[in-house]
Amino acid sequence: MSHTRWRLAREKKLAEGYTESPEVAAERAEIRLAMAFAQAVYDRRRELGLSQTELAERAGLTQAKISRVEGADTVPTLPLLRRLALALDASLNIALDDGREEVTFVAHSAA
């Protein structure tokens, strides 16, 4: 499914002077953050050559939980963030600024 059509429709509305309510803007920011986290987990897992099942075993979770994380279908708790960072052998960095959400896993250097 392509979300490009939705993005273009939203951009057209904004160009016509439409403004989003603060609630809609906040919800959009939350969705972007969830999607950024999901993408970061997926990218790091693939970088390590792990399956969802293998990552789940490393983190003491189920494959279904990893699938929900990577699908942005769950709100991660701090303990879950820690488990994933340890299982992915990386530090988790989250930058939250006005209008920008960035989530990255930085691999631990081989010492």
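Among the candidates Ala9, Ala64, which residue alone is small (Gly, Ala, Ser), modelled with pLDDT under 95, out of contact with any Asp or Glu (no Cβ under 7 Å at 6 or more places or on another chain) and exposed (fewer than 14 other Cβ atoms within 10 Å of the Cβ)? Give the derivation first.
On the way: Ala64 fails: modelled with pLDDT under 95.
Residue meeting the stated conditions: Ala9.
Within the range 75-89, does at least one residue satisfy the condition of being within 13 Å of Arg32 (Cα to Cα) and either out of contact with any strand residue (DSSP E or B) (no Cβ under 6 Å at 6 or more places or on another chain) or modelled with pLDDT of 95 or more (or both)?
Yes; the residues of the range 75-89 include at least one that is within 13 Å of Arg32 (Cα to Cα) and either out of contact with any strand residue (DSSP E or B) (no Cβ under 6 Å at 6 or more places or on another chain) or modelled with pLDDT of 95 or more (or both).
Do you know which residues across the range 17-30 are exposed (fewer than 13 other Cβ atoms within 10 Å of the Cβ) and either aromatic (Phe, Trp, Tyr) or in contact (Cβ under 8 Å) with a residue 40 or more places away in the chain (or both)?
Listed by number, the list holds a single entry, Tyr18.
Can you spot a residue in the range 14-21 that is at pLDDT below 95 and assigned to a helix (DSSP H, G or I)?
Yes, the range 14-21 has at least one match.
So Gly49 passes all but one of these: (1) in contact with an Asp or Glu (Cβ under 6 Å, 6 or more places away or on another chain); (2) of a type outside the set (Asp, Glu); (3) modelled with pLDDT of 95 or more; (4) farther than 30 Å from Ala26 by Cα. Which condition number does it fail?
Gly49 satisfies all of (1) in contact with an Asp or Glu (Cβ under 6 Å, 6 or more places away or on another chain); (2) of a type outside the set (Asp, Glu); (3) modelled with pLDDT of 95 or more; (4) farther than 30 Å from Ala26 by Cα except (1).
Can you list residue pairs whose Cβ atoms sit under 7 Å apart, with the first residue in the range 39-60 being farther than 15 Å from Ala107 by Cβ and the second being surrounded by 15 or more Cβ atoms within 10 Å (Cβ to Cβ) and of a type in the set (S, T, N, Q)? Count only pairs 6 or more apart in sequence or on different chains.
Every condition considered, no pair remains.
What single numbered condition from (1) in contact (Cβ under 8 Å) with a residue 24 or more places away in the chain; (2) in a strand (DSSP E or B) fails to hold for Leu33?
(2)
The values are calculated or read from the model by the stated rules, or taken from the named source; none is laboratory data. This structure is a prediction, so every number in the text was calculated from the model and none was measured. Neighbour counts run over all protein chains shown; Cβ positions are idealised from the backbone, glycine included.
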